[in-house]
Amino acid sequence: MDESKGCIYLGVLSDLADGPFSALGKSIDDGQQAFWREVNESGGIGGYEIDITTYRKNTGYEPQRHRAEYERIEPHVLALAMSLGTAQTMSVLPDMEEDDMITGSGTLWSGWQYGATDRHLVLDYGYSYCAEAILGLDWFSAEHYLPGGIGIVAFRGHYGSDYATGAMRWAFANGVPVAARVDTGPNSEVGDQDGPVATILAAQPDVVLLATGPSETAEIIGKLVAGGYRGRFLGSTPTWNRALLETPAAEPIIALYNYTSPYDGWDGTSQGAAKARAASPQEPSNWGYHLGWASSYPVKALLTKAAEAGPLNRAALRRELAGLTANSEGMAPDQRYGVDADPTQERAVISEPDPTAQLGSRTVAAWFQGPTLERVTFDGPCARL
């Protein structure tokens with residue numbers, strides 16, 4: 001840090017150690033650290049350097065811990081660079097509104113796209129989980145086959161319900177039966193995934209959509225294929241981690257699984273992806289590094305706009321959020337805040353595991369847009385919890 005400059009403190013509330021998404025959370029944090037290091041080396045913002053380390057806290061993906069850590073850091077930070085998890089962020093949203101606290105988004109719940117539910121406090125970026133499932137199934141149908149029935153295994157709560165609702169909306173719009181819809185939880189809560197596996201084996205859908213964590217993904221795919229299932233798998237963003245290639249289920253994962261992402265990845269061709277690669281001193285632990293980098297652009301855009309308008313404070317950030325446009329140098333479509341989102345403009349990056357590729361996967365379709373989003377009505381959050 002340049003001690004001759006002032007410092008803007010941004011808080012981080014994430015799963016950094018002992019929760020179901022700790023590997024992803026740590027990698028996202030690495031990406032954010034690299035992003036803000038590059039910002040500081042380029043002169044900072046408004047004469048200040050940005051510090052996202054001093055008030056970085058592990059919440060273990062638990063809403064109660066998230067709330068407790070928020071209360072500890074709130075008096076000391078201008079905004080949050082990251083709040084990982086939908087239920088976790090919802091747990092502190094009323095306090096955030098009272099505190100004029102803006103946050104970068106570590107969750108793709110569709111509710112963040114509507115002012116009535118995010119209270120104009122959450123800088124979401126990229127598609128929602130709901131749109132992700134629709135985009136993924138459109139790609140799957142074009143690339144592989146139109147399924148005669150789909151199965152869905154999803155975590156309870158905003159994340160899984162949002163994704164599952166999108167999948168069911170796609171099925172209804174395309175006349176495809178939902179053969180099985182199974183709620184589950186992290187293994188730390190439910191023990192194992194034997195119940196969902198049994199349900200899917202009985203239903204035999206042509207494709208199984210997953211909105212779980214990486215360890216649950218590996219277990220479900222491994223046990224289903226061992227049990228005779230011969231369909232394919234499509235995973236939401238948080239289901240992937242290259243550590244899956246080191247599990248007993250690696251072979252079927254490589255052969256039968258794809259995952260979707262809202263951002264240009266490690267092998268992406270955008271200017272933002274190239275900058276992210278150049279800023280990493282070594283190959284990241286997993287692709288969450290690019291999520292951290294890409295999701296930092298809206299926070300930078302807001303700080304820059306507020307600094308240009310006048311004194312930097314929380315009220316200024318809330319005021320300048322209306323009409324803000326975030327540009328990620330091609331890592332995702334530009335996004336405008338203060339207005340409800342237009343999901344028909346959302347796009348997805350589709351990837352597949354590849355042990356020979358950096359970070360263990362490669363892009364097979366960049367910026368895919370399918371036809372179904374045009375035929376689905378969005379008038380609020382898909383998962384209204």
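No value in this document is a laboratory result; all are computed from the given coordinates. Owing to the predicted nature of the structure, the values given are computational and were not obtained by experimental measurement. With ideal geometry, Cβ positions are generated from the backbone for all residues, glycine too; neighbour counts draw on all protein chains shown.
Observations, loosely collected:
- Here the sum of -39500 (n - 2.57) over DSSP H runs of 4 or more residues, divided by the residues of the chain, equals -12000 deg cm²/dmol at 222 nm, to the nearest 500.
- For the chain: rounded, prolate or oblate by the Cα gyration tensor [a/c cutoff 1.5]: prolate
- Contour minus Cα-Cα distance for Ala274 and Asp194 (0.36 nm per residue): 24.6 nm
- Pair Ala322, Glu41: separation of 7 Å Cα→Cβ label points (nm): 3.9
- Taking one quarter of the surface of the C-alpha convex hull of the stretch 63-198 gives a mean projected area of 9.6 nm².
- In the chain, taking the dipole from charged Cβ atoms about the Cα centre, the farthest positive-side position among Leu303, Val153, Leu359 is held by Val153.
- Between the stretch 107-127 and the stretch 148-181, the alpha-carbon center distance in angstrom: 21
- The stretch 1-155: proportion of alpha-carbon pairs further apart than 21 angstrom, %: 52
- A Cβ-based charge dipole, computed about the Cα centre of the chain with Lys and Arg at +1 and Asp and Glu at -1, lands at about 380 debye.
- For the stretch 13-73: rounded, prolate or oblate by the Cα gyration tensor [a/c cutoff 1.5]: oblate
- Cysteines not pairable in the chain (beta carbon separation under 4.7 Å absent): Cys7
- For the stretch 249-385: rounded, prolate or oblate by the Cα gyration tensor [a/c cutoff 1.5]: oblate
- Count of lysine pairs in the chain with Cα separation under 21 Å (8 or more residues apart, or interchain): 7
- Compared with the dominant principal axis of the Cα atoms in the chain, helix 297-309 is inclined by about 20°.
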